Ligand code: 2P0
């Protein structure tokens with residue numbers, strides 16, 4: 001059946017800007033945490049006609065187009081027979097998560113493709129294939145903490161693990177504030193962000209922020225990790241606001257959630273936020289505070305859904 005399973009990841013040092021759109025080569029290195037609670041399993045088989053099923057439903061929209069463009073690109077790149085395929089993907093992302101799944105989706109698809117053609121690729125090669133589907137997917141090949149180094153060519157831009165079984169007490173609470181599809185894709189947002197006058201600073205700060213995050217992880221320093229992850233997310237969203245034209249993924253509830261995190265901190269409950277290309281907020285915290293933080297968000301927002309996650313594993317195969 002050629003089935004691969006990959007988990008989503010959340011960037012603590014973010015990828016936001018490409019040097020090559022086609023190959024998805026980034027302008028900066030990024031660092032992420034792979035999550036246990038959210039994953040995708042994908043199987044692929046040769047068939048008479050290209051078909052893509054997501055959660056059991058045949059897809060005919062832009063998402064199917066993106067998947068087949070990707071498969072055809074890999075077939076051409078690796079000089080493989082351009083055969084048709086049936087792809088069946090299931091996203092095990094709780095509906096409450098409010099998390100994008102392109103990182104797990106393209107990592108699992110790259111793994112399934114590897115099995116289909118019996119390519120026997122190593123994890124570095126798989127990370128390169130996953131990256132071509134979606135940048136963040138390069139990091140989902142690995143569990144725990146991983147770094148995607150930007151590289152200068154396609155063969156040189158891949159992720160590697162820094163600690164696949166971290167012992168750090170680090171939990172993530174995904175707070176679902178808004179379920180509407182985002183108005184601007186990551187791909188488009190990244191293009192616009194390059195017009196910000198602060199974009200150069202974003203690139204210049206990348207090396208030192210990456211080094212500082214690696215130190216925080218090596219020193220098991222939750223405070224340093226949280227402060228820097230929050231700062232890095234703020235920089236990314238500041239670039240969006242200052243682009244020409246400016247834009248934001250925030251909705252009013254996003255700002256309210258940020259305010260709540262400030263209040264929690266003032267009250268001695270240590271927690272930090274990170275926010276991706278959408279309105280939902282992810283809280284970084286330690287196990288002892290998970291329940292209190294959940295309670296506080298539930299009391300301040302009506303019907304808010306919260307999913308708790310910690311470290312997840314790298315790619316695996318079902319058969
Ligand atoms: C990240 N994001 O590092 C950043 C932070 C969102 C904000 O990677 O265009 O779906 O497919 O390479 O990987 C989301 O963008 O973008 C993303 P493409 P992707 O996780």
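The values are calculated or read from the model by the stated rules, or taken from the named source; none is laboratory data. Keep in mind that this is a model prediction, so the values were computed, not measured. Don't worry about glycine lacking a Cβ; one is built from the backbone with ideal geometry, like all the others, and counts go over all protein chains shown.
Can you tell me which residue among 107, 112, 76, 11 is within 13 Å of the ligand (Cβ to nearest atom) and either in a helix (DSSP H, G or I) or on the phi > 0 side of the Ramachandran plot (or both)?
107
Take the range 92-104 and flag every residue that is away from the ligand (no atom under 14 Å from the Cβ) and modelled with pLDDT of 80 or more.
Across the range 92-104, the qualifying residue is only 92.
Find the residue count for the range 244-254, including only residues that are free of Cβ contacts under 8 Å to residues at least 24 places away in the same chain and surrounded by fewer than 12 Cβ atoms within 10 Å (Cβ to Cβ).
Going through the range 244-254 one residue at a time, the tally reaches 1.
If a residue must be buried (at least 20 other Cβ atoms within 10 Å of the Cβ) and not in a strand (DSSP E or B), how many such residues does the range 278-319 contain?
8
Condition first: away from the ligand (no atom under 12 Å from the Cβ) and out of contact with any strand residue (DSSP E or B) (no Cβ under 9 Å at 6 or more places or on another chain). Can you find one or more residues in the range 129-146 that meet it?
Yes - at least one qualifying residue is present in the range 129-146.
So which of 260, 264 ends up being farther than 23 Å from residue 179 by Cα, in contact with a helix residue (DSSP H, G or I) (Cβ under 9 Å, 6 or more places away or on another chain) and surrounded by 15 or more Cβ atoms within 10 Å (Cβ to Cβ)?
None of the other options fit; the residue is 264.
Report, by residue number, each residue of the range 16-32 that is within 18 Å of residue 273 (Cβ to Cβ) and part of a loop (DSSP other than H, G, I, E, B).
Selection gives 16 alone.
Considering only the range 4-54, state which residues are farther than 29 Å from residue 82 by Cα, over 12 Å from the mean Cα position of the chain (by Cα) and buried (at least 21 other Cβ atoms within 10 Å of the Cβ).
Those that are farther than 29 Å from residue 82 by Cα, over 12 Å from the mean Cα position of the chain (by Cα) and buried (at least 21 other Cβ atoms within 10 Å of the Cβ): 17, 28.
Which ranges mark the helices (runs of 4 or more DSSP H) fully within the range 187-249 that have 2 or more residues being in contact with a strand residue (DSSP E or B) (Cβ under 8 Å, 6 or more places away or on another chain) and closer than 21 Å to residue 261 by Cβ?
Correct list: 206-218, 222-241.
In the range 184-204, which residues are under 24 Å from residue 23 (Cβ atoms), surrounded by fewer than 19 Cβ atoms within 10 Å (Cβ to Cβ) and away from the ligand (no atom under 12 Å from the Cβ)?
192, 194, 195, 199, 200, 203, 204, listed by residue number.
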